[in-house]
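None of the figures in this text is laboratory data; all of them are computed from the coordinates on show. As the structure is a prediction and not an experimental result, all values here were calculated from the model. Here the Cβ is made from the backbone with ideal geometry for all residues, glycine too, and neighbour counts use every protein chain on show.
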Amino acid sequence: LDAVTKDPIENAHIFITKKVLVTNKKGKFSFNFKKGKQIRFSVSHIKYKDQKVTFNTSENTLTILLFQKQEALSEITLVSKKNLKYKIDFTILPVLPKSTHSFAAVIKNNQLYVIGGDASNVRDELRRGISELRGSSEQEIMKLITKPKFQDFFSYLGDLQVYDFESNQWILKENVFRKKANHNVISFENKLYLLGGKRLSRTKKRDYLEDKIEVYNLSNETLEIDDTNPHQAVNSLALLYQDNIILMGGSIKENKQGIKKYSDQIHVYDLKTGYWYFFSKMTKGKESQGIVLENNLYLFGGYREKELTEIEVFDLKTNTWKAVGHLFKGMRKPAITTHKDIIYLFENQQLLMYNTTSNELRSYAIDLNLFGATMHFYKDKLYISGGYLSSEFDQIPTNGFYSVSLKEFKNTRPLKATLF
């Protein structure tokens, strides 16, 4: 319930063990517990502060009060319109055959191609254990220490999942590619080029940089392997510009403490000649997301030991960088697409619209608590696929597939807006 009005809150996300529940219109949810135990879970909603809850299962019901976030108003004055909604609505579409995130995806020939990705289920047992031990008795501590521990499940996919926009159906082709995650795909002349990313070792205890380029021919469904790739990195950015693939940034090494080494290199792969060239350097090494419009390459956020907020533009004609501004909050790996002069970004309940002509940035609320998804534009709609749900301790891949009409932006009130 709303802590002030006591109104029920719909679409609040409840994170319990490995499950994610959603409240109904009456603000209710149900879950089967073992009686006499104490459990901890968290509640999240786009408009309210996150809440951690401890519940004694000997009780029958529990009322949870959520407090609204006190967020700053827009940085620019917005013209007030009546009947504007507070959240972007979306349509739920047929789900992907397999749950995955951090995959590569591209639209070609009226079809969406989803390639590979991370299907791992991961839990931070150390943080979860510390949280459960707080305020526990000696007897409860002993039970927690001796109970079976959750085993992380690591899995990268080599599957091809194809969605046909006309028939509204998915087709699954298993093990077409080398199993990998955090890679890129570029479509050129009816071929798909897979570059970068990482692969699991046979023991699934280590990651290795993907050193191969896979070229998939859509006409005859054959796969070729290219052994030459001077830009091997995780979460690098790959973009098509004229007859070239531009590859930049990404992480190239990670030690046992989780500290990464980043690349600031920009390489170009000439698709006509097959030659590689060193092109330029980034302002700093990082994992990044971006898109090309005309002769400009736009970078948004990214990751370098923390989620970044920078918006940068690289002029592909003059090889010069320009700082444009900052996102409202850091975005590690936002899903990104474009239509005309507008760039759309999505990550974790936040859908952004950046106008490259006016340099205006707007943020909208959407009830999709997803990271590591992709987004594509097709016939006046945005399509969001895959990703993972992230709670305080767990990271769970999903197979969700959603569409957002561009009309939604005219009928929805921005959370924030600014001009650069």
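List of remarks:
- Summing Cβ point charges (Lys, Arg +1; Asp, Glu -1) relative to the Cα centre of segment 213-353 gives a dipole of roughly 720 debye.
- Furthest towards positive pole of dipole, Leu192, Thr283, Gln349, structure part the chain, Cβ charges: Gln349
- Measuring nothing but how far apart in sequence close Cα pairs (under 8 Å, 6+ apart) lie, relative to its length, segment 188-304 scores a relative contact order of 17 percent.
- Under the Karplus curve 6.51 cos²θ - 1.76 cosθ + 1.60, θ = phi - 60°, whole-Hz ³J(HN,Hα) for segment 236-252, x wherever Gly or Pro sits: 6, 10, 10, 9, 8, 9, 6, 9, 10, 9, 9, 10, 8, x, x, 9, 10
- In the structure shown, the pairs Lys37/Lys98; Lys253/Lys284; Lys25/Lys85 are assessed against 27 Å; a Cα-Cα span above that value is assigned to Lys37/Lys98.
- Dipole check for segment 1-70: with +1 at the C-beta of Lys and Arg, -1 at the C-beta of Asp and Glu, and the Cα centre as origin, the magnitude is about 260 Debye.
- The region of the chain that goes longest without hitting one of the GluC sites (Glu not before Pro) in a DSSP loop, each with at most 13 other Cβ atoms within 10 Å, is 306-420.
- Kirkwood Rh (inverse of mean 1/r, distinct Cα pairs), segment 1-70, angstrom: 12.6
- All-pairs alpha carbon distance profile, the chain, 10 Å steps from 0, percent: 4, 20, 30, 26, 14, 5, 1, 0
- Residue with peak Gaussian network fluctuation, the chain [Cα springs, cutoff 10 Å], from Leu96, Leu293, Leu352: Leu293
- Across Lys179/Lys260; Lys256/Lys333; Lys47/Lys256; Lys173/Lys333; Lys19/Lys180, pairs whose alpha-carbon gap is larger than 32 Å: Lys47/Lys256
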